[in-house]
Every structure is written in C-alpha cells, then in structure tokens.
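Reading through the structure tokens given below for one structure.
The values are calculated or read from the model by the stated rules, or taken from the named source; none is laboratory data. As the structure is a computational prediction, the values presented were derived from the model and not from experiment. Note: ideal-geometry Cβ built from the backbone for every residue, glycine included; neighbour counts use all protein chains shown.
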Amino acid sequence: MIEKGPFSHWQRVLRPRLPEPRPAMGRLPPVFQFSQQSLQDYVDCPRRFQLRYVEGQRWPAIQSEPVEEHEQFVQRGAEFHLLVRRHLLGVPAEALTPSDPLLKSWWDNYLTYPPDDLPVALRLPEVQLSTPLGDQRLLARFDLLALDPGEQAVIVDWKTTHFRPSRQTLARRLQTHVYPFVLVEAGAHLFGGPIAPEQVTLIYWFAERPVEPEVFPYDAARHSENRKFLADLVAEVLAHTEEEWPLTDDERQCRYCVYRSLCSRGVEAGPLEDAGPDVVEGGVEFDFDLDEVDEIAF
Ligand code: SF4
C-alpha cells in the first residue's frame with residue numbers, strides 16, 4: 001500500500017537520520033564512510049557533496065514536481081525493495097502481493113522474469129560491506145548478493161526508474177565501480193576465501209524492463225583501475241579547502257536538486273515527466289537506493 005501525505009514513510013525514515021546542519025568547516029564528519037552515492041554526488045556536483053555531507057544540510061527544496069507523484073514514485077521503489085527482501089528471506093510470494101497497480105506490475109515482473117542463472121547456494125538480501133581505501137573507508141550496500149562460495153559471486157541491483165539508462169551511462173556510474181571493488185576487497189568471509197575479480201558479476205535488473213538486464217563482468221584489470229580511480233577521487237574530495245566547493249556546469253541537474261535555492265539555480269522543481277533519459281544521462285537518478293537510507297548519518 002502506497003502511503004500518502006506530506007512526508008512519506010521513507011522520508012520519515014530518512015529525515016530523522018539526517019545530521020544537524022554543521023557550520024561549513026571544509027571537513028567531513030569525524031566518522032564518515034564514502035559510498036557510491038556520496039562519490040556520485042561529488043562527481044555530479046562538488047557543491048552538492050559539500051552541502052550534503054560536509055555541511056549536513058537538510059533538504060531545503062523538493063526534488064521534482066508534482067511533489068506527491070515524486071514521493072509515491074520513490075516510495076514504490078522502497079516498497080519494491082522491501083517486498084523482494086522479504087521474499088528472499090522466505091516469505092511466500094502469495095503473502096506479499098501488493099495492491100498498488102504499478103508496484104504489482106513490478107512484483108509480477110520480478111516473479112516472472114527474475115535475473116537468470118543466479119548462484120543458488122547463498123542468497124543474501126541487503127548486505128553491507130566496507131573496505132579501507134587509503135585512510136578512509138568505502139561502503140557498499142548490495143540489494144542482493146548471490147553466491148556459490150569459492151566459485152561465483154553475483155551482485156544484483158534492483159532498479160525502479162521509469163527510464164532505463166544506457167549501458168554507457170551505467171558503466172560510468174560510481175555504483176558500477178564501487179560495488180564489485182568492495183565485494184572483492186571485503187567479501188572473503190562470505191565466499192569462503194579470497195574472491196578473484198573474474199568470479200564477480202554485477203547485474204542491474206529493471207522492474208519495468210525485466211527482460212533487459214544489464215550485466216557487467218569484472219576482472220583483475222578493472223579491479224586495479226578501480227582501486228586507483230576511487231583512491232584518486234577520494235583524495236580529490238579531501239583536498240577541497242575552499243569555503244564554497246565548485247558548482248556543476250551541468251545546470252540540468254540543478255532542476256532536480258534539492259539545494260537549488262541555496263545555489264541560486266532556480267526555485268521551481270523540474271517536472272517528474274521531464275526527468276527522462278536526457279536527465280538520467282546527466283546523472284540524476286529517480287530511484288530508491290539503499291545507500292540513501294542512512295549513509296549520511298555516519
Ligand atoms: S543546485 Fe546545482 S550547483 Fe547547487 S548543489 Fe545542486 S546540482 Fe550543485
């Protein structure tokens with residue numbers, strides 16, 4: 001059931017966990033773990049990273065119009081993740097059938113067209129792993145880890161976006177770099193020993209396009225590239241000392257950014273129906289992500 005109201009269930013979950021605004025000190029909180037979401041925010045717009053993670057700014061503006069439609073869209077994503085988690089933990093599918101028509105269509109797609117050939121020995125929903133990266137830590141929250149210990153490890157990420165990003169866009173997303181990297185570095189205890197990069201695969205599964213998943217194999221060369229890329233990116237973040245970090249040149253992102261009033265980049269939210277592939281290509285994603293739930297509360 002999709003809950004209506006000025007603040008959704010997930011926003012109520014999210015909002016109390018947001019830290020109190022901090023004065024701009026140019027430093028991260030004392031206990032902070034980088035994640036694909038925070039690094040993506042930085043790549044999309046350094047100022048957004050600063051406002052969200054350094055200054056702990058709450059959300060001063062809505063993300064898109066109409067508000068209720070946007071809230072319901074995010075809520076459906078959250079509810080879908082919860083349904084799948086319960087199912088993977090053993091609740092029979094018949095006991096989980098949602099009444100909301102769109103959510104039910106996603107659920108039916110999941111039951112009818114699940115990702116193919118997943119390892120069967122271990123199915124672990126909503127697993128969190130973290131690994132050192134220099135003197136920082138890098139965190140990943142996986143929607144699903146499917147493992148045949150010692151043989152194969154598959155990361156599945158459920159996507160509930162209206163628009164399916166291209167393979168090229170997904171390949172650029174920080175998630176595609178961070179998830180397999182963290183699993184190889186930190187997943188040995190689940191795998192029964194060290195994980196070779198070649199044993200890892202990342203699958204994006206789309207609730208509205210279930211027969212068109214995007215599959216990313218992994219290997220040692222990519223792992224080595226990711227190690228350098230991620231370490232360099234974190235070092236770049238930590239090197240900022242200016243009072244106001246650079247604002248993105250891609251103003252399309254500002255239309256859907258909750259901080260636009262703070263940046264004098266407009267007051268009106270962009271319409272949800274306009275957040276099509278061009279905006280997604282621009283890096284703004286209208287999706288529920290586990291990383292959103294409480295990463296900034298660390
Ligand atoms: S409104 Fe634009 S410039 Fe400001 S934080 Fe958001 S994306 Fe960055």
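Screening PRO197 on (1) within 16 Å of the ligand (Cβ to nearest atom); (2) modelled with pLDDT of 90 or more shows it passes everything except condition (1).
Flag not set for THR241, criterion: among the polar types (S, T, N, Q), crowded, with 17+ Cβ neighbours inside 10 Å and farther than 26 Å from GLU79 by Cα. Within the range 39-57, the set of residues being within 8 Å of the ligand (Cβ to nearest atom) and in a loop (DSSP other than H, G, I, E, B) comprises CYS45 only.
Residue-level analysis places ASP294 outside the set of residues that are at pLDDT 60 or above, assigned to a helix (DSSP H, G or I), more than 9 Å from the ligand (Cβ to nearest atom) and not aromatic (Phe, Trp, Tyr). Quick one: would you say GLU281 is modelled with pLDDT of 95 or more and of a type in the set (D, E, K, R)? Spelling it out, it is not the case that GLU281 is modelled with pLDDT of 95 or more and of a type in the set (D, E, K, R). Do the conditions hold for SER224, that is, is it among the hydroxyl-bearing types (Ser, Thr, Tyr), assigned to a helix (DSSP H, G or I) and free of Cβ contacts under 8 Å to residues at least 24 places away in the same chain? Criteria met by SER224. The one condition from (1) more than 23 Å from VAL31 (Cβ to Cβ); (2) at pLDDT 95 or above that ALA186 does not meet is (1).
Among the strands (runs of 3 or more DSSP E) confined to the range 106-210, the ones with at least 1 residues that are charged (D, E, K, R) and in contact with an Asp or Glu (Cβ under 8 Å, 6 or more places away or on another chain) are located at 122-133, 136-148, 152-159.
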